[in-house]
Amino acid sequence: MVATSDGGHWVQMRRILPAFAGFELVFVGTEPALDADLEAGLTPGLGGARYYRVENVSRANAHRLPLLLWQLARAVRRERPDAIVTTGAAPGLVALALGRLLARSRTVWIDSVANTERMSMSGRMARHVADAWLVQWEHLARPEGPHYWGAVI
């Protein structure tokens, strides 16, 4: 399962999709632009993979968190992913937590390349639910994590 917010998070995830060649992918995202394509029976750039649109929750609209929890729990229970990978933000963090709890999924957090000086808030929280906790700036890595495996962009 690939879980990501829209904008730069989605752009970064699309850059690493070739690493998942040969795997069955399911996408969870906040990208509303995909909705029209999905209604037309298309999954642009997703190779026909299933796509679950979820609420884009942040501190500014935290009251929407229950809806996001319900949407993600439904997707995770339906798909039972072996692994979940995210580039953030909050919806990706929630996907990792629910994946571990409901499906015992392996989890990977890749903090956004935009976070050059420190990890995002969601990224800092991800240490508790990510099997692989990664940053894209080498100077942000620490021996105990997060780790630097390279940059997406």
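A short reminder: the numbers here are calculations on the coordinates, not readings from a lab. All values derive from a computational prediction rather than experimental measurement. We place every Cβ from the backbone using ideal geometry, glycine too, and count neighbours over all the protein chains shown.
If each of Leu67 and Met125 carries a label point 7 Å out from its Cα toward its Cβ, how far apart are those two points in nm?
Inter-label distance under the simple model: 1.8 nm.
If you wrap a convex hull around the Cα atoms of the chain, how much volume per residue is inside, in Å³? Display every interim value, and only then the final one.
Numbers: hull volume 16.6 nm³, N = 153.
It is 109 Å³ per residue.
Hey, with R₀ at 35 Å, roughly what FRET efficiency would Arg118 and Phe23 work out to, going by the Cβ-Cβ distance, to 0.05? Before the final figure, lay out each step's value.
Working: r = 32 Å, r/R0 = 0.91.
After rounding to 0.05, the efficiency reads 0.65.
May I ask you to order 85-93, 97-105, 14-22 by the average number of other C-beta atoms within 10 Å around their residues, highest value first?
85-93, 97-105, 14-22
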